[in-house]
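We did not get these values from a lab; they are worked out from the coordinates using the rules stated. Please read all numbers here as calculations on a predicted model, not as lab measurements. Don't worry about glycine lacking a Cβ; one is built from the backbone with ideal geometry, like all the others, and counts go over all protein chains shown.
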Amino acid sequence: MALTAQTRTIDCPVGSMRMIGGTFTGSGTSGDLVTGLSRTAFLLLQPSTASANSTLEQATVNESLPAVDPITIGFTTGGITGYWLVFGW
């Protein structure tokens, strides 16, 4: 499936890397997250409490890091919202 919406709300330098973060909305059980980085070293996914299933929801990174864009992420159930935060170059 896909991420139906993805926003970027944080973008700042951290040493020799960049930290970028935002929100996502998924329509299925997986999707491609576009970070805007050449290489992503760390990725944090957090389902939001606004999701009906947030207490049961698990988010996964389906690739080995460091990875290049887009990064495939997965969810236990479809149709959730959440936050993402990445560090990379």
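Quick notes on this structure:
- Contour minus Cα-Cα distance for THR60 and PHE42 (0.36 nm per residue): 5.2 nm
- Computed extension length for ASP69-THR23: 14.9 nm, one decimal, from 0.36 nm per residue of separation with the Cα-Cα distance subtracted.
- Only one of (1) 40, 26, 21; (2) 38, 22, 19; (3) 34, 30, 26 was calculated from the structure for Cα extents along the principal axes in Å, and its label is (2).
- THR35, THR25 arranged by Cβ crowding within 10 Å, fewest neighbours leading: THR25, THR35
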